[in-house]
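The values are calculated or read from the model by the stated rules, or taken from the named source; none is laboratory data. In this text the structure is predicted, and so the values were computed from the model without any measurement. Positions of Cβ are generated from backbone atoms using ideal geometry, with glycine treated the same way; all protein chains shown enter the neighbour counts.
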Amino acid sequence: MKHLRQRLYILRETAIKTGDLLLTLFRKKINVCKKKMDGYVSKADMASSRLIHAAIHKAFPEDGYFCEEKGFDKESSNGFKWIVDPLDGTTNFIRGNRDFSISICLSLKDVPVIGLVYAPYLNEFYYAVDGNGAWAEYGFYKSRKRLKVSGTDKIKGSILEFPGGIEIKHRAQKEMAMIGLFYPGIRLRVSESAALSLCKVAAGETDAYIHPTEKPHDFAAGALIVKEAGGVVKNFPDRPLNVNSRGIITCNKKLYRRISGMIKTASMESPEYWLENNK
């Protein structure tokens with residue numbers, strides 16, 4: 001456990017420096033490119049990626065590394081692997097929306113053991129170490145809170161969050177159909193930052209986050225934070241969590257059976273259903 005706390009300390013310092021860097025670029029004119037499949041990548045993504053990789057590689061050269069922005073990935077020689085999204089919510093960032101974050105997970109043999117999500121503009125830190133609960137700090141040490149998922153047991157009246165970036169046509173149509181399963185009666189949220197969405201579930205501010213094709217670098221850190229806050233975390237919709245697999249569903253235990261059951265009844269549970277042509 002001591003070695004995990006040491007890693008968390010270094011990770012925290014790295015996240016703060018990275019957040020400071022992102023804030024110098026926020027709401028400034030920067031280079032932005034459209035990705036081949038969907039989404040955007042910016043100068044801010046790449047600068048953040050380089051800073052995080054340099055700090056982690058220097059401190060833990062034997063660890064593996066997997067990042068949304070390619071170029072730094074490496075295999076682990078000791079079982080530890082870092083899973084990094086250097087700027088989660090790029091679309092928000094480039095449009096001047098403050099809901100963006102840095103998401104970093106440390107896994108041991110593909111099981112998350114540290115998760116950290118930092119929203120620099122909001123000045124919110126979310127973190128968890130396996131077996132030690134989930135925590136949030138608001139305003140740099142001014143307010144610290146242990147996180148706990150909501151206790152609601154009904155779909156009606158619950159706050160559900162769904163994917164934001166649905167540029168791929170065949171997937172967008174299915175995602176809209178899935179959202180329709182839960183109407184009428186829910187409160188719908190779409191934030192465009194998966195890591196922050198998961199933290200909101202952990203804090204009980206929303207009741208569930210559902211994304212059939214979410215990528216591991218988007219959910220790995222937040223998944224541990226939700227788990228340590230007492231929530232259910234599955235690869236969509238009912239598979240044991242694996243940081244090498246896509247798709248995520250997180251909510252409290254009371255809602256989980258209802259939500260996953262509705263998805264299965266609608267025959268929307270298969271990964272192949274969502275990932276046509278492996279996209």
Considering each residue of region 50-65, count those that are under 19 Å from Asp110 (Cα atoms) and among the hydrophobic types (A, V, I, L, M, F, W, C), and give that number.
2
Got at least one residue in region 159-166 being free of Cβ contacts under 8 Å to residues at least 24 places away in the same chain, in the same structural domain as Ser267 (by TED's automatic domain parsing) and under 25 Å from Phe93 (Cβ atoms)?
yes
Going through region 1-25 one residue at a time, which ones are at pLDDT below 95 and either touching a helix residue (DSSP H, G or I) at 6+ places or on another chain (Cβ under 6 Å) or of a type in the set (Phe, Trp, Tyr) (or both)?
Tyr9, Ile10, Leu25
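Take the conditions under 21 Å from Leu188 (Cβ atoms), touching a His at 6+ places or on another chain (Cβ under 9 Å) and in contact (Cβ under 8 Å) with a residue 60 or more places away in the chain and apply them to Asp153. Does it pass?
Numbers: under 21 Å from Leu188 (Cβ atoms): yes; touching a His at 6+ places or on another chain (Cβ under 9 Å): no; in contact (Cβ under 8 Å) with a residue 60 or more places away in the chain: yes.
Spelling it out, it is not the case that Asp153 is under 21 Å from Leu188 (Cβ atoms), touching a His at 6+ places or on another chain (Cβ under 9 Å) and in contact (Cβ under 8 Å) with a residue 60 or more places away in the chain.
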Among the β-branched types (Val, Ile, Thr) and under 30 Å from Arg5 (Cα atoms) - does that describe any residue in region 174-185?
no
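With the structure loaded, tell me whether Arg98 is in a loop (DSSP other than H, G, I, E, B), among the basic types (Lys, Arg), out of contact with any Gly (no Cβ under 8 Å at 6 or more places or on another chain) and at pLDDT 90 or above or whether it fails that test.
Details: in a loop (DSSP other than H, G, I, E, B): yes; among the basic types (Lys, Arg): yes; out of contact with any Gly (no Cβ under 8 Å at 6 or more places or on another chain): yes; at pLDDT 90 or above: yes.
Taking the combined requirement at face value, the residue satisfies it.
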Within region 83-118, track down each residue that is among the small types (Gly, Ala, Ser) and buried (at least 24 other Cβ atoms within 10 Å of the Cβ).
Gly89, Ser101, Ser103, Ser107, Gly115
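State yes or no: is Ser150 under 30 Å from Ile10 (Cα atoms), outside any helix (DSSP H, G or I) and either of a type in the set (Gly, Ala, Ser) or outside the structural domain of Leu21 (by TED's automatic domain parsing) (or both)? Steps first, please.
On the way: under 30 Å from Ile10 (Cα atoms): no; outside any helix (DSSP H, G or I): yes; either of a type in the set (Gly, Ala, Ser) or outside the structural domain of Leu21 (by TED's automatic domain parsing) (or both): yes.
Considered against the rule, which asks whether it is under 30 Å from Ile10 (Cα atoms), outside any helix (DSSP H, G or I) and either of a type in the set (Gly, Ala, Ser) or outside the structural domain of Leu21 (by TED's automatic domain parsing) (or both), Ser150 comes out as no.
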Mind listing whichever residues of region 53-79 are under 28 Å from Arg98 (Cβ atoms) and either of a type in the set (Gly, Ala, Ser) or touching a Leu at 6+ places or on another chain (Cβ under 9 Å) (or both)?
Ala54, Ala55, Ile56, Glu68, Glu69, Gly71
Selected residue (criterion: surrounded by the fewest Cβ atoms within 10 Å (Cβ to Cβ)) from residues of region 143-192 that are modelled with pLDDT of 90 or more and of a type in the set (Ser, Thr, Tyr):
Thr152
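Yes/no per residue for (1) in contact (Cβ under 8 Å) with a residue 40 or more places away in the chain; (2) of a type outside the set (Gly, Ala, Ser); (3) more than 14 Å from Leu160 (Cβ to Cβ):
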site: Ala203; (1), (2), (3): yes, no, yes
site: Thr206; (1), (2), (3): yes, yes, no
site: Tyr209; (1), (2), (3): yes, yes, no
site: Thr213; (1), (2), (3): yes, yes, yes
site: His217; (1), (2), (3): yes, yes, yes
site: Ala223; (1), (2), (3): yes, no, yes
site: Lys234; (1), (2), (3): no, yes, yes
site: Pro240; (1), (2), (3): no, yes, yes
site: Asn244; (1), (2), (3): yes, yes, yes
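Identify, from the list Leu106, Leu116, Leu122, the residue that is farther than 18 Å from Ala223 by Cβ, outside the structural domain of Arg246 (by TED's automatic domain parsing) and at pLDDT 90 or above. Full working, then the answer.
Working: Leu106 fails: farther than 18 Å from Ala223 by Cβ; Leu116 fails: farther than 18 Å from Ala223 by Cβ.
Selected residue: Leu122, the only one of Leu106, Leu116, Leu122 that is farther than 18 Å from Ala223 by Cβ, outside the structural domain of Arg246 (by TED's automatic domain parsing) and at pLDDT 90 or above.
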